[in-house]
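First up is the structure itself, then whatever we jot down about it.
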Number of protein chains: 2
Amino acid sequence: MKRNLRLGVFGFGCVGQGLYHVLNETKGLKAEIRRIVVRNPEKQRPIPKEFFSYDENVILEDPEIDVVVELIDDPVAAYRILKKALEKGKAVVTANKRMLAEHLAEIHELQLRYGKPVLYEGAVCASIPIIRNLEEYYDNDLISSLEGIFNGSTNFILTKVFEERKSYPEALAQAQQLGFAESDPSLDVRAFDPKFKLAILIAHAFGQFVDPEELVHFGIDRISSTDLRFARENGLTIKLVGRAFKKDGKVFGLVAPQLLESTHPLSAVRNEYNAVTVEGAFAEKQTFIGKGAGSYPTGSAVLSDISALTYDYRYEYKKNLQENGLVFSNEAQVEVLVSFSSGQVSHADFLKVTDGYRSGQTEYIRGQVSFDKIKEWFALEGVSVLLAPEAVIQPLTKKALLTV
Amino acid sequence: MKRNLRLGVFGFGCVGQGLYHVLNETKGLKAEIRRIVVRNPEKQRPIPKEFFSYDENVILEDPEIDVVVELIDDPVAAYRILKKALEKGKAVVTANKRMLAEHLAEIHELQLRYGKPVLYEGAVCASIPIIRNLEEYYDNDLISSLEGIFNGSTNFILTKVFEERKSYPEALAQAQQLGFAESDPSLDVRAFDPKFKLAILIAHAFGQFVDPEELVHFGIDRISSTDLRFARENGLTIKLVGRAFKKDGKVFGLVAPQLLESTHPLSAVRNEYNAVTVEGAFAEKQTFIGKGAGSYPTGSAVLSDISALTYDYRYEYKKNLQENGLVFSNEAQVEVLVSFSSGQVSHADFLKVTDGYRSGQTEYIRGQVSFDKIKEWFALEGVSVLLAPEAVIQPLTKKALLTV
């Protein structure tokens with residue numbers, strides 16, 4: 001039986017406005033916005049002032065509001081709002097990937113404790129219904145890996161840089177203008193944002209609540225013109241790829257830019273589009289492609305969550321409950337192409353070197369490295385890491401474990 | 001609350017065996033196969049004889065069996081089994097697209113009457129969870145169109161013919177050997193199979209129960225070596241594309257081979273893979289790609305349906321219930337490239353001619369034609385129809401309606 005839902009919305013930025021319009025233009029959904037709480041009373045808004053309040057308790061203390069829709073930037077305030085909403089017996093819909101990734105185990109607990117659901121399809125790959133599919137459809141398929149492009153803003157930038165030969169700052173400015181970029185662009189270009197999404201995906205695909213701090217990541221901000229030339233001369237493109245992978249009872253995860261052959265399915269995913277490929281034991285590879293950024297795609301995902309609440313849908317975190325004995329681990333290695341100048345990297349950093357050369361001031365080494373080494377390099381400005389085409393994560397060999 | 005399900009399985013061909021293995025290797029699913037009913041007691045089976053019965057009432061009259069899993073070829077027997085199973089209070093899982101397409105309105109009625117669900121994710125694009133997503137996730141997004149590759153066998157054949165320059169009979173034999181083709185290959189190559197799937201998709205995307213007889217379709221069996229050369233010389237590929245589209249209160253549908261630019265997302269879908277692109281008002285284009293044929297991919301979809309029955313999932317046919325006022329129509333036109341010999345086609349058949357030329361014995365005309373004309377040509381051996389690249393279905397103009 002469908003219920004009429006009364007919504008309290010926090011935030012009226014790009015996604016909030018998208019939701020407002022999507023909701024206004026959709027018939028048949030039994031939900032109405034009762035209140036919108038924003039921080040700044042001075043800011044010009046595209047709809048009349050009487051919709052807005054400036055005190056979060058106007059929503060949280062209103063017993064008539066069933067659902068809190070949390071669409072603000074600040075992860076600390078977002079988590080406080082989420083907790084209080086659940087305590088007050090309200091369901092929560094949020095698209096705040098950072099807040100979710102950093103508190104997912106607690107949010108799971110809170111849902112069990114207060115009996116109210118938290119839905120967040122819009123937090124990962126915007127319009128792609130990946131969480132719902134991992135929860136519901138891949139319930140019994142034994143997922144072995146997932147990989148994809150989880151950040152629309154950086155994919156837009158890489159597309160413009162590669163295909164239209166725009167400069168990096170120019171492409172970034174365009175992404176921001178179109179509303180694809182986070183208000184702090186370093187979250188995107190340094191790959192924090194796709195890391196948060198990978199942490200959420202790992203919870204629903206493998207049942208592990210992984211602290212995003214644990215996940216190794218590398219951004220696109222250090223890709224040099226020499227890297228771009230190298231890619232072009234070899235008929236390759238570069239995408240920021242997130243992946244997680246299960247082997248020998250362990251789950252590994254990594255986000256890093258990768259050189260891809262033109263035949264690789266992800267190389268055809270352009271602009272603000274995202275993609276996720278799920279590999280299962282029986283269904284084999286399944287790819288979902290859709291817009292990963294922008295107010296309407298994210299707004300439509302938030303709307304689908306609200307719609308699901310009208311029939312009391314909730315995530316069950318089935319893989320977590322299955323107690324599959326998996327543990328998260330960074331004891332893994334992968335093949336990379338590293339560029340650097342002035343001796344920051346040496347052959348000794350590699351488990352195995354397959355190639356090396358110099359182009360002007362830039363030196364390149366290609367070979368197998370441990371995840372720990374990639375983490376070290378993240379701290380060294382001037383070192384740029386690209387995964388090799390067809391790179392596959394492998395557990396560290398025993399020998400490598402001894403030497404690391 | 002999850003329930004323990006006792007399954008009665010009809011048929012032990014390619015999909016039945018896939019299900020048997022998938023079920024054996026999957027932990028955590030509360031379902032067991034009680035009986036398998038097959039037709040032929042003489043046939044060699046890959047598992048011991050004691051699993052099998054040869055009388056359908058062994059399953060249908062057994063009150064302990066909760067779910068009938070119908071995986072036989074014969075659509076008449078399949079529908080009889082489905083009806084009787086529902087009457088007897090059993091849920092049904094089926095992958096029989098022909099039976100479903102031909103009886104979907106009645107099957108909807110029967111589910112309401114007997115209160116038992118029929119699930120059939122495996123019937124459309126095997127492992128791709130498209131029906132579940134149309135039902136659940138795109139509930140409130142206003143879907144404007146869907147298009148895709150719905151037949152794994154013909155896509156495999158076209159891939160082998162294009163990329164490996166195999167002959168058509170050689171590619172067909174290989175598809176059959178790999179278990180991708182229907183036992184009657186004309187269902188695949190003459191595009192009946194994808195037409196059945198399109199009819200099912202239209203029900204879940206637009207709420208219309210369309211008699212598949214009404215849907216205009218064209219196969220790949222008339223694609224000539226001249227057509228192939230034409231495509232290759234122009235840097236194009238050919239895919240068998242199904243599509244449905246909503247405009248001005250009408251729903252149109254068509255399955256036909258189409259010339260595609262190499263940049264078209266469907267041109268990269270190879271071998272037995274299928275793809276579906278759903279376009280919505282807010283989520284914009286969403287593409288699902290996965291294996292569309294083979295015992296394991298289909299078996300895993302059947303398994304996901306069985307799993308969904310453990311928590312009493314059912315399709316709600318929400319778009320049908322919304323009474324959106326849509327009607328199905330064939331009053332449409334599309335741009336095609338038609339090849340023929342000996343005057344079977346003339347300029348007068350076209351609403352607008354854009355090009356025409358001759359290659360050896362074969363004549364070509366390119367232009368806009370009505371759906372009715374494509375239906376006429378289907379009956380004329382020797383006429384081959386390819387949709388033009390970027391072809392878009394358009395409602396017939398008033399002028400064209402007068403002259404048709």
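See the values below:
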| quantity | calculated |
| --- | --- |
| Search result, residues across the stretch A:113-155 that are more than 12 Å from the chain's Cα centre (by Cα), closer than 20 Å to A:THR277 by Cβ and away from chain B (no Cβ under 14 Å) | A:SER145, A:ASN155 |
| Selection within the stretch A:284-295 - more than 9 Å from chain B (Cβ to nearest Cβ) and either over 18 Å from the mean Cα position of the chain (by Cα) or closer than 17 Å to B:VAL278 by Cβ (or both) | A:GLY292 |
| Every residue from the stretch A:1-50 that is farther than 25 Å from A:LEU86 by Cβ, of a type in the set (Lys, Arg) and either within 14 Å of another protein chain (Cβ to nearest Cβ) or under 26 Å from the mean Cα position of the chain (by Cα) (or both) | A:LYS27 |
| Flag if A:LYS373 is in a helix (DSSP H, G or I), more than 14 Å from chain B (Cβ to nearest Cβ) and in contact with a helix residue (DSSP H, G or I) (Cβ under 7 Å, 6 or more places away or on another chain) | yes |
| Unmet requirement for A:PRO169, which otherwise passes all of (1) farther than 30 Å from B:ILE306 by Cα; (2) in contact (Cβ under 8 Å) with a residue 12 or more places away in the chain; (3) of a type outside the set (Asp, Glu) | (2) |
| Among (1) touching a helix residue (DSSP H, G or I) at 6+ places or on another chain (Cβ under 9 Å); (2) of a type in the set (Phe, Trp, Tyr); (3) in the same structural domain as B:LEU71 (by TED's automatic domain parsing) - the single one B:TYR311 does not satisfy | (1) |
| Unmet criterion (only one of (1) surrounded by fewer than 21 Cβ atoms within 10 Å (Cβ to Cβ); (2) hydrophobic (A, V, I, L, M, F, W, C); (3) touching a His at 6+ places or on another chain (Cβ under 9 Å)) for B:LEU198 | (1) |
| Out of A:TYR311, A:TYR315, sole residue that is under 30 Å from A:VAL92 (Cα atoms), in a loop (DSSP other than H, G, I, E, B) and under 24 Å from the mean Cα position of the chain (by Cα) | A:TYR315 |
| Meets criteria (buried (at least 23 other Cβ atoms within 10 Å of the Cβ) and either among the polar types (S, T, N, Q) or within 14 Å of chain A (Cβ to nearest Cβ) (or both)) for B:VAL67 | no |
| Some residue of the stretch A:333-342 being assigned to a helix (DSSP H, G or I), crowded, with 18+ Cβ neighbours inside 10 Å and among the charged types (D, E, K, R) | no |
| Residue under evaluation B:SER145, criteria (1) assigned to a loop (DSSP other than H, G, I, E, B); (2) at pLDDT 90 or above, criterion not met | (1) |
| Residue check, A:ILE107 within 18 Å of B:ILE128 (Cβ to Cβ), surrounded by 20 or more Cβ atoms within 10 Å (Cβ to Cβ) and either of a type in the set (A, V, I, L, M, F, W, C) or more than 14 Å from every other protein chain (Cβ to nearest Cβ) (or both) | no |
| Within the stretch B:11-129, helices (runs of 4 or more DSSP H) holding 2 or more residues that are at pLDDT below 95, touching a strand residue (DSSP E or B) at 6+ places or on another chain (Cβ under 7 Å) and closer than 30 Å to B:GLY148 by Cα | B:14-25 |
| Subset tally (residues that are more than 9 Å from chain A (Cβ to nearest Cβ) and at pLDDT 90 or above) for the stretch B:301-315 | 5 |
| Every residue from the stretch B:170-214 that is at negative phi and not in a helix (DSSP H, G or I) | B:LEU178, B:PHE180, B:ALA181, B:GLU182, B:SER183, B:ASP184, B:ARG190, B:GLN208, B:PHE209, B:VAL210, B:ASP211 |
| Among residues of the stretch A:318-351, those that are over 17 Å from A:ARG222 (Cα atoms) and more than 31 Å from the chain's Cα centre (by Cα), counted | 3 |
| Failed criterion for B:THR298 (all others in (1) buried (at least 22 other Cβ atoms within 10 Å of the Cβ); (2) away from chain A (no Cβ under 14 Å); (3) out of contact with any Leu (no Cβ under 6 Å at 6 or more places or on another chain) hold) | (2) |
| Residues located in the stretch B:267-283, provided they are free of Cβ contacts under 8 Å to residues at least 60 places away in the same chain and either among the acidic types (Asp, Glu) or more than 7 Å from chain A (Cβ to nearest Cβ) (or both) | B:SER267 |
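Quick grid of which residues meet (1) touching a residue at least 40 places away in the same chain (Cβ under 8 Å); (2) within 13 Å of chain A (Cβ to nearest Cβ); (3) over 26 Å from B:LYS97 (Cβ atoms):
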{"position": "B:GLN322", "(1), (2), (3)": "yes, yes, no"}
{"position": "B:ASN330", "(1), (2), (3)": "yes, no, no"}
{"position": "B:LEU337", "(1), (2), (3)": "yes, no, yes"}
{"position": "B:THR362", "(1), (2), (3)": "yes, no, yes"}
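The values are calculated or read from the model by the stated rules, or taken from the named source; none is laboratory data. A quick note: this is a predicted structure, and the numbers were derived from the prediction, not measured. Every residue, glycine among them, receives a Cβ derived from its backbone with ideal geometry; neighbour counts consider all protein chains shown.
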